[in-house]
1. Find the strands (runs of 3 or more DSSP E) located wholly in segment 42-106 whose residues include 1 or more that are among the small types (Gly, Ala, Ser), over 15 Å from Leu126 (Cα atoms) and at pLDDT 85 or above, and list them.
2. What are the pairs, 6+ residues apart or on separate chains, where a residue within segment 106-133 that is closer than 18 Å to Gln67 by Cα and of a type in the set (Lys, Arg) has its Cβ under 8 Å from a residue that is modelled with pLDDT of 85 or more and in a helix (DSSP H, G or I)?
3. Could you check, for segment 122-136, whether at least one of its residues is modelled with pLDDT of 90 or more and assigned to a helix (DSSP H, G or I)?
4. Give the residues of segment 107-121 that are modelled with pLDDT of 90 or more and crowded, with 19+ Cβ neighbours inside 10 Å, sorted by residue number.
Amino acid sequence: MRFRHQRKEDPEINLTSLIDVVFLLLIFFMVSTTFDKTSQINIQLPEASGKPLEKKKFSLEIDIDVQGRYFVNQQRVKDDRLMTLMRALRLTIGEHKNPQVIISSDKNTPYQAVIRAMDASRQLGLVNLTFATTQIKDKP
């Protein structure tokens, strides 16, 4: 009597479930990762006492560095002329009505640069101005 030898099949590793698990882990880490708002602009804000102001849904941020260069919502303005700054503000505002304007300037920024930012805002009818500062640290 002859018996047939059953041929053993090579074991297969089913990668489908492994790929699903890796994909779910990837999604989990993408969703749970927090992103910090980092700025390329190096500004040392002046100190002041007071309570932090609540931000509106849409706010217009005008950053001014030590050299008097303007950044509107983190985008560099081509030059420091009033008309150029007004054009950048107008384009950034779009259809938003009376946004909160936050002016952040370095504590060593020329006064003229801050006044120019205020003037450009006023000429566009933006009256809700706020100046960004840091909280005064208690000295020991």
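The values are calculated or read from the model by the stated rules, or taken from the named source; none is laboratory data. Values in this document were obtained by computation on a predicted structure and should not be read as measured data. Note that we place each Cβ from the backbone using ideal geometry, even for glycine, and neighbour counts take in every protein chain shown.
1. Values: elements: 59-64, 70-72, 100-105.
Answer list for segment 42-106: 100-105.
2. What qualifies is Arg116/Leu82; Arg116/Leu85.
3. Yes, segment 122-136 contains at least one residue that is modelled with pLDDT of 90 or more and assigned to a helix (DSSP H, G or I).
4. Listed by number, the residues that qualify are Ala113, Arg116, Ala117, Ala120, Ser121.
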